[in-house]
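Quick notes on the structure that follows.
The values are calculated or read from the model by the stated rules, or taken from the named source; none is laboratory data. Just so it is clear, the structure is predicted and the values come from calculations on it, not from any experiment. Positions of Cβ are backbone-derived with ideal geometry, glycine not excepted, and every protein chain shown enters the neighbour counts.
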Amino acid sequence: MVLPIVKYGMPVLRQKGARVESVTPVIKKLIADMFETMHAHKGVGLAAQQVGLPVQVMVIDVRDVTDRPSSLEVGGKPAKVEEYMPLVLINPKVTAVGQPATGPEGCLSFPEIYADITRPEVVDVKALDREGNPLEFRCGGLLARAVQHETDHLHGILFIDRMDKKTKEDLRPELELLQAEAKALLKSG
């Protein structure tokens, strides 16, 4: 089922996600709905907060992006990214191992807003997969950027928090409009 995307200004986007203690049928349904929602909106990543649930679950699928490569190492050996997509990460722990790199980002919770964001180019990831099994890998490029962006969501951090002051100031009218729409929606119940 395609779920509504929570837009900037809604309080749930600032909530730190609760750890998932077990992969229940409810969590499995959430994951399936999140994939359907992400693909319907042509996204490459989606965090549970973006569909209104503050839990540490994210989905990622970078297969359709051909102009921004991704790299993946599993067990210290290169792996084919597409063989691990679509990807589910539950309770992820992300450690920076690469140099900072600046690149474009967007966010489904911020429609039509894009900015260059600086993040580590390569990260190590430890998480649980969709079945609750441990998963460890190193990734780079777009996959690393997506993992970090969605992990931020799981901790109530938004990509605007990572923007430089000038970029954020330039985007102020669009951000204020999104906040006003969120306030109106909250008021109407």
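Observations on the structure shown:
- Residue check for T95: in contact with a strand residue (DSSP E or B) (Cβ under 8 Å, 6 or more places away or on another chain), in a helix (DSSP H, G or I) and surrounded by fewer than 20 Cβ atoms within 10 Å (Cβ to Cβ): no
- Only a single item in (1) buried (at least 18 other Cβ atoms within 10 Å of the Cβ); (2) under 26 Å from R172 (Cα atoms); (3) not aromatic (F, W, Y) is not met by G106, and it is number (1).
- Among the residues making up region 116-136, those that are touching a Leu at 6+ places or on another chain (Cβ under 8 Å) and either surrounded by fewer than 20 Cβ atoms within 10 Å (Cβ to Cβ) or of a type in the set (K, R) (or both) are K126, D129, P134, L135.
- Put simply, of M58, M34, M38 the only residue that is within 25 Å of G103 (Cβ to Cβ) and touching a Ser or Thr at 6+ places or on another chain (Cβ under 9 Å) is M58.
- Meets criteria (touching a strand residue (DSSP E or B) at 6+ places or on another chain (Cβ under 7 Å), in a helix (DSSP H, G or I) and buried (at least 19 other Cβ atoms within 10 Å of the Cβ)) for V147: yes
- From K93, K126, K77, residue being over 19 Å from A47 (Cβ atoms), basic (K, R) and at pLDDT 95 or above: K77
- Flag if E83 is farther than 26 Å from G189 by Cα, acidic (D, E) and touching a residue at least 24 places away in the same chain (Cβ under 8 Å): no
- Scanning region 11-37 for residues that are within 25 Å of V62 (Cα to Cα), without any contact (Cβ under 8 Å) to a residue 60 or more places away in the chain and of a type outside the set (V, I, T) yields K29, L30, A32, D33, M34, F35, E36.
- Conditions (1) surrounded by 15 or more Cβ atoms within 10 Å (Cβ to Cβ); (2) at pLDDT 95 or above; (3) in contact with an Asp or Glu (Cβ under 6 Å, 6 or more places away or on another chain); (4) not basic (K, R); number of the one not met by Q50: (3)
- Matching residues, region 54-72, being surrounded by fewer than 21 Cβ atoms within 10 Å (Cβ to Cβ), assigned to a loop (DSSP other than H, G, I, E, B) and in contact (Cβ under 8 Å) with a residue 40 or more places away in the chain: P54, V65, R68, P69
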